[in-house]
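Enquirer: Take this structure first; my questions come after.
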Amino acid sequence: MSTTFKPLDRDASTDAARSRRWLWLAAPPRFFALATALIPWCLALAAVLGAAGLWVGLWLAPTDAQQGEVYRIIFVHVPAAWMSMLIYLAMAGWAAIGLIFQARLASMMARALAPTGALMTFLALFTGALWGQPTWGTWWVWDARLTSELLLLFLYLGFIALHGSIEDPRRADRAAGLLALAGVINVPIIYFSVQWWNTLHQGASVSLTRAPSMASTMLSGMLLMALAFWAYSIAAALMRVRAQLLRREQHAAWAQSAAHTQARESQP
């Protein structure tokens, strides 16, 4: 009897190897160690980029011919608004992975991103009000862009409140994840609101489909601040996931060792 051998499917073996690497990384002790290593770098990067962005925005960027110096609030307002939408998409993506694959770590990432997303959304609304008063003559209008951004803040707060109101972690992950996915529809509404409706809010100064309508110095300052906010968001999310892992794995030897190490490092 002859025996035939099937040729090795290299694509399948490569996919399997990649899957094993991701599973290896998703193990709580290894992810905790990776997060611990990345957090200081992300915080340092956020500080350096933030300082550079503020220096460019407040000192190097020219004065706007129409708005004068008040326009400089865009170096915080616009990156915060970008991050409010990007973080929500990332949160919903992690929530979807958690729902589909029953991956607790993915659900933890979604939960960890929510407070920072709420912070960025509040910062965008607050700085927008500070900018709107001298330019529009009012702190707030029920403008399509402002109203949809306010709804985004409510979605973040609703996600946090819903997860905290359910005692069972798995049920909380599912309920909050479904809410996050349902709210994704609001992100394109925010982005395209100035095109779909007549609003007081100005159109996008930076677009992927056309050249930016601002000086290169202004654009550089905004991009530096956006990268600083992104680095901070990663660090903040990883810090929250570490805390969640320690609570969930508190009886494991590695978690007790990590908690003791943190306690020793925090002592003066």
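Bear in mind that the values in this text are calculations on the coordinates, not laboratory data. Since the structure is predicted, the reported quantities are computational estimates derived from the model, not experimental observations. In this analysis, Cβ positions are derived from the backbone assuming ideal geometry, glycine residues included, and neighbour counts consider all displayed protein chains.
Enquirer: When the expected Rg is taken as 2.2 N^0.38 Å, what fraction or multiple of it is the alpha-carbon Rg of segment 103-159?
Expert: That ratio works out to 1.39.
Enquirer: If you bin the C-alpha pair distances of segment 31-167 every 5 Å from 0, what whole percents do you get?
Expert: Pair shares across the bins are 2, 9, 14, 18, 17, 15, 11, 7, 5, 2, 1, 0.
Enquirer: Counting other beta carbons within 10 Å of each residue's own, what order do Tyr156, Tyr191, Tyr232 fall into, fewest first?
Expert: Ordered from fewest to most neighbouring Cβ atoms within 10 Å, Tyr156, Tyr191, Tyr232 come out as Tyr191, Tyr232, Tyr156.
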